[in-house]
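What follows draws every value from the coordinates through simple rules; no lab data is involved. Treat the numbers as computed from the prediction; the structure is a model and nothing was measured. Ideal geometry is used to build each Cβ from the backbone, glycine not excepted, and the neighbour counts take in all protein chains shown.
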Amino acid sequence: MPIIKPVTDLQNYNDVLRDIAVGEPVFLTENGRGRYVIIEMREYERQQAELQLLCELMKADESVKAHGWLTQEEVERELGLA
């Protein structure tokens, strides 16, 4: 169940921070509309790493579509192993 609080609750931010659980963001509203999200630093870092990985996978997919796959011999040659 999402935790939703008005941004004015930040005046007593200890109460807001107490409601943050691992993997459970706190959504802050302003004038009744979603405005901010508070999450744990570990969760933020995990999300950023996941986003970066997905971007790299997308680049790899686009490269494969444009240039095709390399053979094992081509990879070894590119890495200086052959």
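Across the chain, the volume of the C-alpha convex hull divided among the residues equals 158 Å³ per residue. Only the Cβ atoms of Lys and Arg (+1) and of Asp and Glu (-1) were treated as charged; on that basis the dipole of the chain about its Cα centre amounts to roughly 400 debye.
Relative to the longest principal axis of the Cα atoms of the chain, the long axis of helix 41-67 makes an angle of roughly 30 degrees.
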